[in-house]
1. Residues of the stretch 20-62 being in a helix (DSSP H, G or I) and away from ligand 3 (no atom under 16 Å from the Cβ), which ones?
2. Can you name every residue in the stretch 150-182 that is within 16 Å of ligand 1 (Cβ to nearest atom), over 13 Å from the mean Cα position of the chain (by Cα) and among the hydrophobic types (A, V, I, L, M, F, W, C)?
3. Sort out which residues of the stretch 80-112 are in contact (Cβ under 8 Å) with a residue 40 or more places away in the chain, under 18 Å from the mean Cα position of the chain (by Cα) and in a helix (DSSP H, G or I), and write them in order of number.
4. If you go through the stretch 1-19 one residue at a time, how many are outside any loop (DSSP other than H, G, I, E, B) and open to solvent by less than 70 Å² (accessible area, probe 1.4 Å)?
5. For the subset of the stretch 187-197 comprising residues that are touching a helix residue (DSSP H, G or I) at 6+ places or on another chain (Cβ under 9 Å) and farther than 15 Å from Leu53 by Cα, which member is nearest to ligand 2 (Cβ to nearest atom)?
6. Does the stretch 57-77 hold any residues that are open to solvent by 20 Å² or more (accessible area, probe 1.4 Å), of a type outside the set (A, V, I, L, M, F, W, C) and out of contact with any helix residue (DSSP H, G or I) (no Cβ under 6 Å at 6 or more places or on another chain), and which are they?
7. Among the listed residues Ser71, Ser80, which satisfies the condition of being within 16 Å of ligand 1 (Cβ to nearest atom), within 24 Å of Arg178 (Cβ to Cβ) and of a type outside the set (A, V, I, L, M)?
8. Filter the stretch 113-124 down to residues that are closer than 20 Å to Leu73 by Cβ and part of a loop (DSSP other than H, G, I, E, B), then give me how many there are.
Amino acid sequence: MNSNIPNHVAIIMDGNGRWASMRDLERSEGHKKGTENLPKIVESFKESGVRYLTLYAFSTENWTRPQREVSALMNLLLESIGSQLEHLHKNNIKIIHLGDKVGLSVKIQKAIAKAEKITKNNTDLTLSIAFNYGGRNELIGVIKQIIKENIEPDNINEQVISERLYSKSIPDPDLVIRTAGEIRTSNFLIWQSAYSEYYFTDVLWPDFNKEHIAEALEEYSKRRRKYGSS
Ligand code: IPE
Ligand code: IPE
Ligand code: MG
């Protein structure tokens, strides 16, 4: 294993639909397969020494998909919290939610709150689930909060903004991985990833495995981060 391990890896889990279409299956089957993949992925990052893992599971724009698919995605979140929470907790994994709780059903809000509460003192890895998350929506929320708090314009700085983001309790991502070949960020962590390294792979999310993780981490270890310096 390489020595330069990212502290925080964030993943745009893309390609579930294409994985299903290629097999003549419903798109929801791809989402199911992609979700089943999660325990192994989390374990693998944990073993590699990554301390923060963030997964983009549902964007604020994903509501525009057919109702049937949206429902399937909502149900999958509930089911996976139900079936994976105990295992994650046993593995000392802390779960947090990034995103707009308004707009999610009460059932989902409760399930998320339960997962956050049960795992809040866990310390091995923080798993952030970006669900009903949008970077622009997040920044609008910050602006509203700043106005409500009557913060003077001269007192607004990067820290004031960072402390009001959904991600306030976690560091910025060092590495952002996107699967399934699209080279774009799709409204993911737009403030936080200002100096993140990006890694794009053609592998579809349901096929993404330990070996692909090793490849991404290997590539990251070769990057020279400069933050604007010479
Ligand atoms: C990612 O897979 C899951 C979500 C965006 C919810 P997609 O459903 O976007 O899969 P493709 O891009 O259509 O293959
Ligand atoms: C980004 O994937 C959102 C998630 C992975 C949850 P999309 O499939 O929604 O992004 P676009 O539409 O290709 O940009
Ligand atoms: Mg997609």
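The values are calculated or read from the model by the stated rules, or taken from the named source; none is laboratory data. Note that the structure is a prediction, hence the values are computed from the model and not measured. Reconstructed Cβ throughout: ideal geometry from the backbone, glycine too, with neighbour counts over all protein chains shown. Protein only, heavy atoms only, side chains kept; ligands, DNA and RNA dropped before computing areas. Shrake-Rupley method; radii C 1.70, N 1.55, O 1.52, S 1.80 Å.
1. Glu36, Leu38, Pro39, Lys40, Ile41, Val42, Glu43, Ser44, Phe45, Lys46, Glu47, Ser48
2. Passing the criteria: only Ala180.
3. Within the stretch 80-112, Ser80, Gln84, Leu88 meet the criteria.
4. 8
5. In the first step, residues of the stretch 187-197 are kept if they are touching a helix residue (DSSP H, G or I) at 6+ places or on another chain (Cβ under 9 Å); the result is 187-193, 197.
Imposing the further condition that a residue be farther than 15 Å from Leu53 by Cα reduces the set to 187, 190-191.
Values: Asn187: 8, Ile190: 13, Trp191: 17 Å.
In this case the residue turns out to be Asn187.
6. Once the filter is applied, which keeps residues that are open to solvent by 20 Å² or more (accessible area, probe 1.4 Å), of a type outside the set (A, V, I, L, M, F, W, C) and out of contact with any helix residue (DSSP H, G or I) (no Cβ under 6 Å at 6 or more places or on another chain), the stretch 57-77 yields Glu61, Asn62, Thr64, Arg65, Pro66, Gln67, Arg68, Ser71, Asn75.
7. Numbers: Ser71 fails: within 24 Å of Arg178 (Cβ to Cβ).
Unique residue meeting the criteria: Ser80.
8. Counting residues in the stretch 113-124 that are closer than 20 Å to Leu73 by Cβ and part of a loop (DSSP other than H, G, I, E, B) gives 0.
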